Amino acid sequence: MRKISANYIFPISGAPLKNGIIVLDSNNVITDIIDTGGNLKEIANLEYYNGILIPGFVNSHCHIELSHLKGKFQEKTGLPNFISQVNSQRKAELNVIYEEIQNSHDEMIRNGIVAVGDICNTSDSFIIKTSEEISYHSFIEIFGLEAKKAKKIIQNGEILLQQISKQFPHPHSLIPHAPYSVSPELFTQLSHFFQSSIVSIHNQESKAEKEMFNSGKGALYNFLSKFVDLSKWNPEHNNSLQYSLNYLQNSKQILLVHNTFTGPEDLKIADPFLSKIYWVLCPNANMYIENQLPDIKLLQEHKLNIALGTDSLASNSSLSILEEIKTISSHFPDIKLEELIKWGTLNGAKALNFSNQYGSLEVGKKPGINLISMLDLENMKINSESVVKKLA
Ligand SMILES: [Zn+2]
């Protein structure tokens, strides 16, 4: 049994407790949360830390299989250029790919991440997914704009699904990449897989995506036209989010990832589905690729379910939810730390259906315990110096 305390504990399911105590059994399951009322007395074998204690972080969006692309791309050159660089450089020796996946997995453990929603275009990362230290949900992601190839693309996705079920059992679902890369035919066939499953899709990551749907032109349209004949491009909807939601509405939960260019008019479109939508923000990747952050204030003011992700090392220098929180905190200093931590813990756990175990400090859960230190406790603000240490 361990008893752990710090200046504050953030249960997330309730208000912060000054000098609260977390009691863990030998399996790191919480057996008690003690509110000391701020008066910590001498308690035998109490571990006391300077800082705040929070649940393990949840990374709601990652592509661990792209880890070998770290530092390879030019920054801030926009989404079409980024996709083009991924396509031309993602091939590598399998042993290099495996080694970098293992390194990323270890990095996430060190950074206090306990659960990950991970995008897979291949089976490269499956072997790591049965790890006991991180719970993964694998999103098998497919795409294709050519109607006649839809059936074949679905079949390839199903092969990967079967491989998980048989060889590497862990939670998974078949998902579309993005509205601009999935034809109506593919979306229609894919939608049969959405019933009662968790779906993740890249949403409004670039201005060019809006332009492609709105006016049928722009940088993304020009880029995609190099690979497929888009001369008859005539989307059913002039808004990419509307196009996606048209097919996604039967799914259990919808993770909309990035939302960099989501505006008030998009929130109206999403309104009928808000209870099952999670708005996953990856601020460091947005800065890396588009040099632009989402209108986080807008999403926050509408009390939306916001979760956080790191995206991949192809567009980020680290896989750390704390680093994502730092970026948001520095650009939106009036968003409370407690709320930011909720986005990076409980909301992510709910988005991925892992909240029975993760996301909050509650009796019966085994959420992982992180210490955040080197922060401004008086104003309850983190800064660039703040660090995370995994305690359990
Ligand atoms: Zn992504």
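The values are calculated or read from the model by the stated rules, or taken from the named source; none is laboratory data. Owing to the predicted nature of the structure, the values given are computational and were not obtained by experimental measurement. As a convention, Cβ positions derive from the backbone with ideal geometry for all residues, glycine included, and neighbour counts pool all protein chains shown. Keep in mind that these areas ignore ligands, DNA and RNA; they rest on the heavy atoms of the full protein, side chains included. Shrake-Rupley method; radii C 1.70, N 1.55, O 1.52, S 1.80 Å.
In this structure, does Leu255 turn out to be surrounded by 24 or more Cβ atoms within 10 Å (Cβ to Cβ), touching a Ser or Thr at 6+ places or on another chain (Cβ under 6 Å) and within 14 Å of Gln204 (Cβ to Cβ)?
Working: surrounded by 24 or more Cβ atoms within 10 Å (Cβ to Cβ): yes; touching a Ser or Thr at 6+ places or on another chain (Cβ under 6 Å): yes; within 14 Å of Gln204 (Cβ to Cβ): yes.
When the stated conditions are applied, Leu255 passes them.
Filter region 107-133 for residues that are within 16 Å of the ligand (Cβ to nearest atom) and over 13 Å from Asn59 (Cβ atoms) and give the result.
Those that are within 16 Å of the ligand (Cβ to nearest atom) and over 13 Å from Asn59 (Cβ atoms): Cys120, Asn121, Thr122, Asp124, Ser125.
Within region 338-348, can one find any residue that is at pLDDT 95 or above, in a loop (DSSP other than H, G, I, E, B) and buried (at least 16 other Cβ atoms within 10 Å of the Cβ)?
Yes: one or more hits.
For region 43-60, which residues satisfy the criterion of being aromatic (Phe, Trp, Tyr) and over 25 Å from the mean Cα position of the chain (by Cα)?
Of everything in region 43-60, those that are aromatic (Phe, Trp, Tyr) and over 25 Å from the mean Cα position of the chain (by Cα) turn out to be Tyr48, Tyr49.
Only residues that are among the β-branched types (Val, Ile, Thr) and touching a helix residue (DSSP H, G or I) at 6+ places or on another chain (Cβ under 7 Å): list them for region 373-392, please.
Answer for region 373-392, where residues must be among the β-branched types (Val, Ile, Thr) and touching a helix residue (DSSP H, G or I) at 6+ places or on another chain (Cβ under 7 Å): Ile382, Val388.
Picking from Asn50, Asn45, which residue would you name as being open to solvent by 40 Å² or more (accessible area, probe 1.4 Å) and on the phi > 0 side of the Ramachandran plot?
Residue meeting the stated conditions: Asn45.
Is there a residue being in contact with a strand residue (DSSP E or B) (Cβ under 6 Å, 6 or more places away or on another chain), within 16 Å of the ligand (Cβ to nearest atom) and among the hydroxyl-bearing types (Ser, Thr, Tyr) anywhere in region 226-249?
yes
Taking only region 69-115 into account, find how many residues are open to solvent by 20 Å² or more (accessible area, probe 1.4 Å) and in a helix (DSSP H, G or I). Give the steps one after another, and end with the answer.
At the first step, the residues of region 69-115 found to be open to solvent by 20 Å² or more (accessible area, probe 1.4 Å) are 70-72, 74-77, 80-85, 87-96, 98-100, 102-103, 106-107, 109-111.
Restricting the remaining residues to those that are in a helix (DSSP H, G or I) gives 80-85, 87-89, 94-96, 98-100, 102-103, 106-107, 109-110.
Residues that pass the stated criteria total 21.
Consider Tyr278 carefully, then state whether it is within 15 Å of the ligand (Cβ to nearest atom) and open to solvent by 10 Å² or more (accessible area, probe 1.4 Å). Reasoning before the result, please.
On the way: within 15 Å of the ligand (Cβ to nearest atom): yes; open to solvent by 10 Å² or more (accessible area, probe 1.4 Å): yes.
In short, yes.
Restricting to region 291-335, name every residue that is surrounded by fewer than 19 Cβ atoms within 10 Å (Cβ to Cβ) and in contact with a Lys or Arg (Cβ under 9 Å, 6 or more places away or on another chain).
Matches in region 291-335: Asn291, Gln292, Ser317, Phe332, Pro333, Asp334, Ile335.
Is it true that some residue in region 229-243 is in the same structural domain as Ala307 (by TED's automatic domain parsing), touching a Ser or Thr at 6+ places or on another chain (Cβ under 6 Å), open to solvent by less than 10 Å² (accessible area, probe 1.4 Å) and under 26 Å from Lys152 (Cα atoms)?
Our first condition is that a residue be in the same structural domain as Ala307 (by TED's automatic domain parsing); within region 229-243, this holds for 229-243.
Narrowing further to those that are touching a Ser or Thr at 6+ places or on another chain (Cβ under 6 Å): none.
Looking for residues that are in the same structural domain as Ala307 (by TED's automatic domain parsing), touching a Ser or Thr at 6+ places or on another chain (Cβ under 6 Å), open to solvent by less than 10 Å² (accessible area, probe 1.4 Å) and under 26 Å from Lys152 (Cα atoms), one finds none in region 229-243, hence no.
Is one or more of the residues making up region 353-368 outside any loop (DSSP other than H, G, I, E, B) and either assigned by TED's automatic domain parsing to the domain that holds Ile30 or on the phi < 0 side of the Ramachandran plot (or both)?
no
Tell me yes or no: at least one residue of region 208-231 is part of a loop (DSSP other than H, G, I, E, B), in contact with a helix residue (DSSP H, G or I) (Cβ under 7 Å, 6 or more places away or on another chain), more than 22 Å from Leu79 (Cβ to Cβ) and in contact (Cβ under 8 Å) with a residue 12 or more places away in the chain.
Within region 208-231, not a single residue is part of a loop (DSSP other than H, G, I, E, B), in contact with a helix residue (DSSP H, G or I) (Cβ under 7 Å, 6 or more places away or on another chain), more than 22 Å from Leu79 (Cβ to Cβ) and in contact (Cβ under 8 Å) with a residue 12 or more places away in the chain.
Within region 45-65, track down each residue that is touching a helix residue (DSSP H, G or I) at 6+ places or on another chain (Cβ under 7 Å) and either free of Cβ contacts under 8 Å to residues at least 12 places away in the same chain or closer than 27 Å to Tyr221 by Cα (or both).
Of everything in region 45-65, just one residue is touching a helix residue (DSSP H, G or I) at 6+ places or on another chain (Cβ under 7 Å) and either free of Cβ contacts under 8 Å to residues at least 12 places away in the same chain or closer than 27 Å to Tyr221 by Cα (or both), namely Glu65.
Collect the residues in region 177-207 that are in a strand (DSSP E or B) and within 15 Å of the ligand (Cβ to nearest atom), keeping them in residue-number order.
Matches in region 177-207: Val182, Val199, Ser200, Ile201, His202, Asn203.
Could you count how many residues in region 282-315 are farther than 15 Å from Glu205 by Cα and within 13 Å of the ligand (Cβ to nearest atom)?
Result for region 282-315: 2.
State which residue is least open to solvent (accessible area, probe 1.4 Å) when the search covers only region 169-185 and only residues that are in contact with a helix residue (DSSP H, G or I) (Cβ under 6 Å, 6 or more places away or on another chain) and more than 17 Å from Ile119 (Cβ to Cβ).
Checked region 169-185; the qualifying residue least open to solvent (accessible area, probe 1.4 Å) is Ser183.
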